[in-house]
1. Based only on other Cβ atoms within 10 Å, what is the fewest-to-most ordering of B:260, A:88, B:24?
2. Using the alpha carbon gyration tensor of region A:138-245, what are the three equivalent-ellipsoid semi-axes (square root of 5 times each eigenvalue), largest first, in whole Å?
3. Give the distance, in whole Å, between the Cα centre of region B:261-287 and the Cα centre of region A:165-226.
4. Partner chain Cβ atoms within 10 Å, averaged over the residues of B:173-186 - can you pull that number for me?
5. Rounded to two decimals, what is the ratio between the C-alpha radius of gyration of region B:2-231 and 2.2 N^0.38 Å?
6. Of the listed peptides B:186-195, A:225-234, B:80-89, what is their order by residue-averaged count of other C-beta atoms within 10 Å, with the highest listed first?
7. Quick check: from the Cα gyration tensor, does region A:118-193 come out rounded (a/c under 1.5), prolate or oblate?
8. With 28 Å as the cut-off, how large is the P(r) tail for region B:43-175, expressed as percent of Cα-Cα pairs?
């Protein structure tokens, strides 16, 4: 699964907030069908990296390309249309709409655009895919926490993205929900999706990631399989003193 | 769904036909009120097309309306009346597009203040221009009757409803609802949020300008302080909120009672109108945050809750 053509490539990607260098000359490739874990202590620049890829933030220098085409200059909506779909650290759904309409938002405006009955039908299929078919007409306010996460994931999947960016998607789940969540992403991995996960849950990283990029203070300090990087002395040092050590 | 749509279209056509008969009653006072209601219905509905789904409160109605009245006021000396309505629409639309490009990236209170300032800015420019040219006001003398104005407004209203209905069924309408819920999600779902907002702002600006152009012959004498009165912008917002912006027909439900209330206030308390307008605004926001539409819906929900 490691081989394949790069879908997303970051080269010398740098983001400065005034004097603070949040992401410093970051380089990595995500290849087709790969699940990459982006890990590191709090404040190491993981979420900033996702924000740079999805166009929520502009880079200071460097480049990001999707299938060889530079995207770093594009606005967020154009990046989404080219097939980069993301979740947010805190689940963000559309509160005035029901479950199906939330998923349709992805189907109608995403990478592959559908409309009318076709969008409806496809959104239902995707809902079934994440195990939410029976709740299509439920208002968002009635969902359990894990179900809100499922709906958010379904919105992404409905846009048929090239790359999924999941920002701490498993955070805040209880042990049972966590198991369900990991299972769901494992299924996506088995389907051959290309995914970047920002994650703190080590069990999930071991279970899900083909490769990990470890960041500390905005710099990539290690890259490799989860086993290799998690036993790397420099990685251990970065985590020590941090609450996740 | 289809049956419901057919029913709604039938009801709308019947109501429109009934409304069109008002001038034949020969009651001049009723017609005057009718023109006022039709004018505010058009303004509040087109305002809600933009502000309803996006939750951007625009106070620019007076700016567009005033541009429309001045289009007729100045243009009538050179061009036939009928050509002035589309010209007013284009001018209002262009101004809305420019304002949209400049401000819709801002959100919340910045947008509100900018739109309020816009009406004042346009008014000052016209006043300055009139002072320079030594011309104080404009006379609009036409043979257009009150009934003629009324029917034009009804026609424009029908057009606004049709536009609103089509937008509601379109991708653009869905995009605006998503923007209203969460603009960041909208962007990251692939929606060009700025373009969607500007399009709707242009529609609402163009309609307000055409309304102003239609109303100009009624005023006969036009001056900037009348055409660009900020009171108009506030009244439109209050009426639309009173009715509720969640449905296309919402603003109309607010316009009718408010017009009568306003008539009563202007007659009984002519020097306290602004104060009472403010009180009305506060009461509506506190007691009916979602307007009559929201009230009906919560009653319906409660009723179905009792019976289920």
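Only the coordinates and a few stated rules stand behind these numbers; no lab work does. Computed from a predicted structure; not experimentally measured. As a convention, Cβ positions derive from the backbone with ideal geometry for all residues, glycine included, and neighbour counts pool all protein chains shown.
1. Sorted ascending by nearby Cβ count, the order is B:24, B:260, A:88.
2. Each semi-axis is √(5λ); the values are 27, 16, 12 Å.
3. Cα centres, region B:261-287 to region A:165-226: 59 Å.
4. Per residue, the average neighbour count from other chains is 5.
5. Values: Rg = 18.5 Å, N = 230, 2.2 N^0.38 = 17.4 Å.
Here the Cα radius of gyration is 1.07 times the empirical estimate.
6. Numbers: B:186-195: 22.7, A:225-234: 14.2, B:80-89: 17.0.
Ranking, from highest mean packing down: B:186-195, B:80-89, A:225-234.
7. oblate
8. Taking all Cα-Cα pairs of region B:43-175, the fraction more than 28 Å apart is 26 percent.
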